Each structure stands twice: as structure tokens, then as C-alpha cells.
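Everything on this sheet refers to the single structure shown next.
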Amino acid sequence: MMKSGSAGAARLSAKARLFSESVIREMTRHALAHGAVNLAQGFPDFPCPEEIKEAACRAIRGDVNQYAITWGAKGFREALAAKVGRFTGMQVDPEREITVTCGSTEAMIAALLAVVDPGDEVVVFEPFYENYGPDAILCGATPRFVSLRPAAGEGGAGAWTYDPAELRRAFGPRTRAVILNTPNNPTGKVFTRAELEEIAALCVEHDCLAITDEIYEHILFDGHEHVLIATLPGMRERTITINGLSKTYSVTGWRIGYAIAPPALTAGIRKVHDFLTVGAAAPLQEAGITALSLPDAYYHSLADLYRAKRDRFVPVLERAGFRCFAPSGAYYVMADISGLTKLDATAFALELVRDPGVAVVPGPSFFSKPQDGRSLVRFCFCKRDETLDEAARRLERWASSR
Ligand code: PLP
């Protein structure tokens, strides 16, 4: 699906041939080509907070323009440790437990390369954020998938669950780690404390690691709570907590992420990170200190902003005939298209981007077996109200002309 072949492909490594380019980024290019409203790639089309922009300009003018320490500028790591302590109570040693990376994307691949050997198994919940598949391939790991399914016959917040017996079966003697993303992209699921305790117990039983992507930690709706698996008993020493500035501060282009892990794991992650990228942008780490010290009110208004956008946009989709699984967190909504079309999701997405001109991500990108996502598409709603309203007008016109 959506693979582009060429004569030179035979020169690619076996690994690089095993995965295709990101469908999410590809849909962005289709959106540009067709003048479509881009509800495919999850980046805000509104500005980041003014004080953060100012801090970045100050840092550049103040000559913070050379390499920072490879694992992160000291001031930024200290600000990170303070912010994590403030929100979660977890005490983190900025000298030995933090690696600053080029986005959480790099943190994930650096962490996996640091702890996983070819032949190891990695447990992944699906649908999954599409990077985890290639990440596993690049480190030679075998993914063992566990399905998240909408509760029978209904959408609605919190409806995605997994079968505990299937989860247990996914763990075995070769399991090295479980990759967890909460709040979850693409489903909007927020793993509950009880679910995390269950996963934690399996990690302890099988002596394996949890690698958690918590990039949407502050985007929670309807009273849902973000629980760090690292804070559960027995998990601090076996968890790599991954996060970044992209989503919380609306700076996806800054490429600042981080991994928090116990010192021995951090030592490995830092080595991999150093040889992958040397380091993340120094002036933007400096500006990140300003971001991390924003008051609590900032985080509350971020969650309120996205809750209002969800509540504005999900009814639009439902009126147009999509069956939506309303998210409990993050800024995406999965929608079932089977009431609307006989096309599979990929063909449907390519039609939708042309007419009415709305870009979405086809469901197969989030599944190990593409057919499992054939009737699903993902919309993001991290856009200005004007953008969402324009998408709404297009979808309403399209729905009424069918
Ligand atoms: N992890 C998840 C679950 C995401 O949805 C995204 C972006 O959409 C990323 C990571 C990328 O984050 P970053 O910009 O920090 O690399």
C-alpha cells in the first residue's frame, strides 16, 4: 500500500525495504498538492505561546548557537527534572537520568537501539503510532501485537480496551520491552491505572522494560488522569519515559524530545543518541526552559482548548456519516467509514483529499495487518477553529451531495 518502487530499490538494505514511507507525512504532501484541509498530520496550525518564541529569539541573539552537551543542556535538563517532579512527583536526576533528543521520535529509536537486540520481542498495542513498526524493524526486534478494540457496538470516550489474556500471551521468554503510548495516538485512549498495573505486573514477571511515549500527557479530557507507569511499584528501574515539547507547547518543528530512564539505561541511550544526532538544537533547549516554567493555568487551558475542538468537530463527522470513537485524550479521532463507502480506507482517503479536499490518515497505517484498518480513518483536530470549520463546510457539502 502506497509503496513507491524504483530500479534502485534493490540497492536498499533488507531493513529499509521492509517498511514504506510514512503515510501520515505522505498525506500531508497530497493535502498540499490538492489544496486540501490537512487533518492528517498532527501539528497545530496556530502559533505557539509568544513568550516561548521570544525566548528562542533571545537565545539565538544571546549566542546560544553552538553544540549543547550531547545529552542535553544542563539548564534544560534541570528544568525538565523540576517540571516532571512538579506534575508527577517523580524525582529525576538531571545529571544521570535524562537524555535530550531530536524529538520524542529520536528518543524512541535511540531507546530501542540501546536496549533491544535482534531477535528480541517487543510488545506493541495496535492500532499504533506508525513509527513504532519501522522502529522495531530498524533494531531487528520482532513486534508482538496486542489489539485495542472499541467496546462492542459503541463509540464514546474510553471505549478502547484490550483482552487481558491476549496481553498475557504476548509476553514470553524473548520479550525485552513493551511499548506503550498514553494518551494514545490514534485511538485517544488513556490507559487507566488498573490497566497500567496489569502491564507493570507482566513487565516485572517477565523482567522486561516499559518504554512509554507520553507526548500527549497534558491533553486529557473528561477528568481522565495521566498515570506514569514509571511511578508504579517496581517500575521506576525498568521504565524509559519518553516525551517532548512538540505537542504540549505547540512546537512540533523544534524537534526537542527526551528520554527519562535509570542511570544504566540512560548511559546506553546517551551513547546511541550521540552517534545518531550529536544533540538537539541548543537555542531551542534554552527556550524550552521558559516553556517548562509556564504556570499550571497554561496546561489547563491547553486541555480545555482541545476538548472544545473535539466537541466542535466530532459532531460534524457524525453528521457527515462517520461513526466516531470519541477520544479521552490526545488530539485525534478515529472514525469508521463503513456506513459511507464500499471503498477501503486508503482508496477513500485518496478520494477525500481530492474531493471534498480534506486530508485524513487511512487506518491501515496503524495496524500490522492492513486489513484491520480498512474501514477506519484518523482525523486530527489540532487546528484553528476556522480550519476545522472549513473542513466541516467541505464535509457537509460532500455528505449532502451523496
Ligand atoms: N509519538 C506520538 C504518539 C506522536 O503522535 C507523535 C507525533 O504525532 C510523536 C511521537 C512525534 O513526536 P516528536 O515531534 O516529539 O518527535
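The values are calculated or read from the model by the stated rules, or taken from the named source; none is laboratory data. None of the values given here were measured: they were computed from a predicted structure. In this analysis, Cβ positions are derived from the backbone assuming ideal geometry, glycine residues included, and neighbour counts consider all displayed protein chains. These area figures cover heavy atoms from the full protein model, side chains too; ligands, DNA and RNA do not enter into them. Shrake-Rupley method; radii C 1.70, N 1.55, O 1.52, S 1.80 Å.
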**Item:** Flag if LEU294 is part of a loop (DSSP other than H, G, I, E, B) and either in contact (Cβ under 8 Å) with a residue 40 or more places away in the chain or surrounded by fewer than 21 Cβ atoms within 10 Å (Cβ to Cβ) (or both)
**Value:** yes
**Request:** Spot the failing condition for GLU130; the list is (1) in contact (Cβ under 8 Å) with a residue 12 or more places away in the chain; (2) of a type outside the set (A, V, I, L, M, F, W, C); (3) more than 16 Å from the ligand (Cβ to nearest atom), and only one is missed.
**Result:** (3)
**Test set (1) farther than 19 Å from SER246 by Cβ; (2) open to solvent by less than 40 Å² (accessible area, probe 1.4 Å); (3) part of a helix (DSSP H, G or I) - LYS309 fails condition number** = (1)
**Message:** I need the full set of residues from the range 35-79 which are touching a strand residue (DSSP E or B) at 6+ places or on another chain (Cβ under 8 Å) and farther than 22 Å from ASN185 by Cβ, in order please.
**Reply:** ALA68, TRP71, GLY72, ALA73, PHE76, ARG77
**Item:** Residue within the range 204-214 that is surrounded by fewer than 17 Cβ atoms within 10 Å (Cβ to Cβ), in a helix (DSSP H, G or I) and in the same structural domain as ALA56 (by TED's automatic domain parsing) present
**Value:** yes
**Request:** Filter the range 228-242 down to residues that are crowded, with 20+ Cβ neighbours inside 10 Å and assigned to a loop (DSSP other than H, G, I, E, B) and give me whichever is nearest to the ligand (Cβ to nearest atom).
**Result:** LEU228
**helices (runs of 4 or more DSSP H) enclosed by the range 1-96 - at least 3 residues per element that are touching a residue at least 40 places away in the same chain (Cβ under 8 Å) and at negative phi** = 23-34, 50-61, 74-88
**Request:** Could you tell me whether the range 193-215 includes any residue that is in contact with a Phe, Trp or Tyr (Cβ under 7 Å, 6 or more places away or on another chain), without any contact (Cβ under 8 Å) to a residue 40 or more places away in the chain and either polar (S, T, N, Q) or away from the ligand (no atom under 16 Å from the Cβ) (or both)?
**Result:** yes
**Prompt:** Looking at the range 346-388, which of its residues are part of a helix (DSSP H, G or I), touching a residue at least 60 places away in the same chain (Cβ under 8 Å) and not aliphatic (A, V, I, L, M)?
**Reply:** THR346, ARG354, GLY363, PRO364, SER365, PHE366, PRO370, ASP372, GLY373, ASP385, THR387
**Message:** When the residues of the range 1-49 are narrowed to those that are modelled with pLDDT under 85, open to solvent by 30 Å² or more (accessible area, probe 1.4 Å) and hydroxyl-bearing (Ser, Thr, Tyr), which ends up nearest to the chain's Cα centre (by Cα)?
**Reply:** SER20
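Can you go through GLY288, GLY268, GLY279, GLY257 and tell me which one is within 16 Å of the ligand (Cβ to nearest atom), over 19 Å from the mean Cα position of the chain (by Cα) and either assigned to a helix (DSSP H, G or I) or buried (at least 22 other Cβ atoms within 10 Å of the Cβ) (or both)?
Working: GLY268 fails: within 16 Å of the ligand (Cβ to nearest atom); GLY279 fails: either assigned to a helix (DSSP H, G or I) or buried (at least 22 other Cβ atoms within 10 Å of the Cβ) (or both); GLY257 fails: over 19 Å from the mean Cα position of the chain (by Cα).
Testing whether each residue is within 16 Å of the ligand (Cβ to nearest atom), over 19 Å from the mean Cα position of the chain (by Cα) and either assigned to a helix (DSSP H, G or I) or buried (at least 22 other Cβ atoms within 10 Å of the Cβ) (or both) leaves just GLY288.
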**Item:** Extreme residue, farthest from ILE215 (Cα to Cα), among residues of the range 324-339 that are more than 16 Å from the ligand (Cβ to nearest atom) and open to solvent by less than 30 Å² (accessible area, probe 1.4 Å)
**Value:** ILE337
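Go through the range 125-140 and give me each residue that's in a loop (DSSP other than H, G, I, E, B) and in contact with a Leu (Cβ under 6 Å, 6 or more places away or on another chain).
To start, the set of residues in the range 125-140 that are in a loop (DSSP other than H, G, I, E, B) comprises 127-131, 139-140.
Scanning the range 125-140 gives a single hit, CYS139.
Would you mind finding the one in THR175, THR142 that is away from the ligand (no atom under 16 Å from the Cβ), closer than 30 Å to PRO364 by Cβ, open to solvent by 20 Å² or more (accessible area, probe 1.4 Å) and in contact with a strand residue (DSSP E or B) (Cβ under 6 Å, 6 or more places away or on another chain)?
On the way: THR175 fails: open to solvent by 20 Å² or more (accessible area, probe 1.4 Å).
One residue alone meets the criteria, THR142.
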